[in-house]
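Q: So that we are looking at the same thing, I have put the structure below in structure tokens.
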Amino acid sequence: MLATIASATVLGVEGRQVSVEVHVASGLPTFTIVGLPDTACREARDRVRAALTSSGVSWPQRRVTVNLAPSGVRKNGAGLDLAVAVGVLVAEGVIATDAVAGTGFVGELGLDGSVRRVPGMVPLVAALAGTSVVVPAGCSTEATLIGRHHVREVANLAELMAALRGDGPWPAPRADDALPLVGDEPDLADVRGHAVGRLALEVAAAGGHHLLMVGPPGAGKTMLARRLPGLLPDLASDEALEATTVHSAAGLSLPPGGLVLRPPLRAPHHGSSAVALVGGGTAFMRPGEISLASQGVLFLDELAEFPRSVLDALRQPLEEGVVRVCRARAAVCYPARFLLVGAMNPCPCGEGGPPGACRCSDATRTRYGRRISGPLLDRFDLRIEVTRAHPSDLLAGTPGEASAAVAERVVAARCRASERGVACNAALSGRRLELAGKLSAEAASMLESGLQSGALSARGLQRVRRVARTLADLAGRDGPLGEEDVCLALQLRAEPARLGAAA
Ligand SMILES: [Zn+2]
């Protein structure tokens, strides 16, 4: 007899519906799975047989063939186990065909018959066309986010069989016992001094401008970067679902309530491979750090220590907001709209700054700066120097302005940007920039002298205008950009040479 059960697999961050066809026929007892399964998926044979036996079902002494359709899509992981087991039960007549109509099944089986969680519950459920879905215990919060299905969760096969046969009730969903994550983002109020750093964070958050911080170790670059997500507004519902899908596909645990509602912060180590950063991999197309940081902040500490090839892999995503990964069997597209924050030492010894402190030769410093390509360096609208805070600032009793107060100005500035048809000023280009970045006479002459002296490139000019617009928006100023906005924007975009990044 033939049974067809709906399930799904994850490719990249996208779920694909899979029809699990189970055919039981007379013949020598065998158990075959076809339809492009990967290793974990092929091993379903052993898990399903053991799980059914442990649950008191005798294994059919006949020929069992499982086909995973469509055969062109690669099936990853163990999430199809549950559907295969249900298919065998239906094909054997243990469960009626009507009982599983319109229902999808997702979950891995333990040898004892337990049903276990698999990564990617959000994209998996999103791919299912039916009206209801059965998921492992503890997964209903994630599965409910899609909102199209009647979600049921089971802890083991015995519970599932009882419910499908009408012998017992569907188990009640397990309550989420995790505590809500309130106030876990570090606050700017803890930062003493660092006036320029604080301003740069505010401008980065308001305008979506990428930020590069250069300074000696221990100056507070990491401390500042970690406070940037706290200045960004909550994610809109479509952004939240996208971020949640990526986190779910990567197998990361989701916050209580299921949805990723706050902008994420990812800080991969400079030893990370290009695959870890960008995504992909040959067997399991996992989203990379830049996709996990989408809608949030990607913080690359020790930027100059990242291999050049890894940094070059960032350029296309920075340009397009998505990353395309092609492998022999599949091409996938991951979201990658992140705010990039880089931090680096001014030179290999770390000290940089005043002559005497640095022990590096000119040649070493030049080589160090060249590790970051011009095009990548150019992506940073904001380039600032971070120096160690003055002792009197550290000892002062008055705390800095809190993140919540800064975040209010950020929201107001982003509102002004949205009236121009962009999410933030970093996206202003062409005619929109011409309109929004009109210059007063004084501001124009200031930029003109910068261009004539070669201190400012044509591309740099556009970037300075965008940052100046953000500064004016934060101050609540409409109309043409004034001298003060342009002057401050120029200061926030220090020339690489001054930062020791390129001599
Ligand atoms: Zn040095």
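The values are calculated or read from the model by the stated rules, or taken from the named source; none is laboratory data. As the structure is a computational prediction, the values presented were derived from the model and not from experiment. For neighbour counting, all protein chains shown are included, and Cβ atoms are generated from backbone atoms with ideal geometry for every residue, glycine included. These accessible areas exclude ligands, DNA and RNA; they are computed on the full protein's heavy atoms, side chains included. Shrake-Rupley method; radii C 1.70, N 1.55, O 1.52, S 1.80 Å.
Q: Taking the condition of being over 22 Å from the mean Cα position of the chain (by Cα), open to solvent by 20 Å² or more (accessible area, probe 1.4 Å) and in contact (Cβ under 8 Å) with a residue 24 or more places away in the chain, how many residues in the range 411-428 meet it?
A: Of the residues in that region, 2 qualify.
Q: Select the helices (runs of 4 or more DSSP H) contained entirely in the range 76-159, then report the ones holding at least 1 residues which are more than 26 Å from GLN61 (Cβ to Cβ).
A: Answer list for the range 76-159: 97-100, 121-127, 140-144.
Q: Looking at ALA162, ALA236, which one is of a type outside the set (Phe, Trp, Tyr), closer than 23 Å to PHE338 by Cα and without any contact (Cβ under 8 Å) to a residue 12 or more places away in the chain?
A: So the residue among ALA162, ALA236 that is of a type outside the set (Phe, Trp, Tyr), closer than 23 Å to PHE338 by Cα and without any contact (Cβ under 8 Å) to a residue 12 or more places away in the chain is ALA236.
Q: Still on this structure: Taking the range 1-18 as the search range and keeping residues that are under 21 Å from ALA249 (Cβ atoms) and among the β-branched types (Val, Ile, Thr), which one is surrounded by the most Cβ atoms within 10 Å (Cβ to Cβ)?
A: Among those that are under 21 Å from ALA249 (Cβ atoms) and among the β-branched types (Val, Ile, Thr), it is VAL10.
Q: Among residues belonging to the range 349-380 that are within 31 Å of the chain's Cα centre (by Cα) and within 11 Å of the ligand (Cβ to nearest atom), point out the one that is modelled with the highest pLDDT.
A: TYR368
Q: Criterion first (outside any helix (DSSP H, G or I) and open to solvent by less than 50 Å² (accessible area, probe 1.4 Å)) does VAL406 satisfy it?
A: Taking the combined requirement at face value, the residue does not satisfy it.
Q: Could you say whether any residue in the range 295-316 is closer than 30 Å to GLY72 by Cβ and in contact (Cβ under 8 Å) with a residue 24 or more places away in the chain?
A: Within the range 295-316, one or more residues are closer than 30 Å to GLY72 by Cβ and in contact (Cβ under 8 Å) with a residue 24 or more places away in the chain.
Q: Identify the residue in the range 240-275 that is in a helix (DSSP H, G or I) and of a type outside the set (Gly, Ala, Ser) and, among all such residues, is farthest from ARG74 (Cα to Cα).
A: Among them, the one singled out is LEU241.
Q: Out of PRO233, PRO287, I need the residue that is at pLDDT 90 or above and not acidic (Asp, Glu). Which one?
A: Sole residue among the options that is at pLDDT 90 or above and not acidic (Asp, Glu): PRO233.
Q: So which residues in the range 127-150 are closer than 22 Å to VAL88 by Cα, open to solvent by 30 Å² or more (accessible area, probe 1.4 Å) and β-branched (Val, Ile, Thr)?
A: Once the filter is applied, which keeps residues that are closer than 22 Å to VAL88 by Cα, open to solvent by 30 Å² or more (accessible area, probe 1.4 Å) and β-branched (Val, Ile, Thr), the range 127-150 yields only THR131.
Q: Within the bounds of the range 331-347, is there any residue that is more than 28 Å from LEU254 (Cβ to Cβ) and open to solvent by 30 Å² or more (accessible area, probe 1.4 Å)?
A: Checked against the condition, which is being more than 28 Å from LEU254 (Cβ to Cβ) and open to solvent by 30 Å² or more (accessible area, probe 1.4 Å), the range 331-347 yields no hits at all.
Q: Looking at (1) under 20 Å from GLY12 (Cβ atoms); (2) surrounded by fewer than 22 Cβ atoms within 10 Å (Cβ to Cβ), can you tell me which one LEU314 breaks?
A: All conditions are met except number (2).
Condition check ((1) hydrophobic (A, V, I, L, M, F, W, C); (2) under 23 Å from the mean Cα position of the chain (by Cα); (3) open to solvent by 60 Å² or more (accessible area, probe 1.4 Å); (4) modelled with pLDDT under 95) across all residues:
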| residue | (1), (2), (3), (4) |
| --- | --- |
| TRP170 | yes, no, yes, yes |
| LEU181 | yes, yes, yes, yes |
| ALA189 | yes, no, no, yes |
| GLU202 | no, yes, no, no |
| ALA206 | yes, yes, no, no |
| ALA219 | yes, no, no, yes |
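Q: Scan the range 19-40 and give yes if some residue there is open to solvent by less than 10 Å² (accessible area, probe 1.4 Å), under 13 Å from ASN76 (Cα atoms) and among the hydrophobic types (A, V, I, L, M, F, W, C), otherwise no.
A: Looking through the range 19-40, none of the residues is open to solvent by less than 10 Å² (accessible area, probe 1.4 Å), under 13 Å from ASN76 (Cα atoms) and among the hydrophobic types (A, V, I, L, M, F, W, C).
Q: Moving on to the next point. Check ARG459 against each of (1) open to solvent by 70 Å² or more (accessible area, probe 1.4 Å); (2) without any contact (Cβ under 8 Å) to a residue 60 or more places away in the chain; (3) part of a helix (DSSP H, G or I) and name the one condition it does not meet.
A: (2)
Q: Could you run through the range 434-456 and say how many residues are small (Gly, Ala, Ser) and open to solvent by less than 50 Å² (accessible area, probe 1.4 Å)?
A: 6
Q: Now for a different question. Look through the range 355-390, keep the residues that are free of Cβ contacts under 8 Å to residues at least 12 places away in the same chain and open to solvent by 80 Å² or more (accessible area, probe 1.4 Å), and return whichever of them is nearest to GLU305 (Cα to Cα).
A: ARG367
Q: For ARG63, state whether it is touching a Gly at 6+ places or on another chain (Cβ under 6 Å) and open to solvent by 20 Å² or more (accessible area, probe 1.4 Å).
A: Working: touching a Gly at 6+ places or on another chain (Cβ under 6 Å): yes; open to solvent by 20 Å² or more (accessible area, probe 1.4 Å): yes.
Judged against the criteria, ARG63 is a match.
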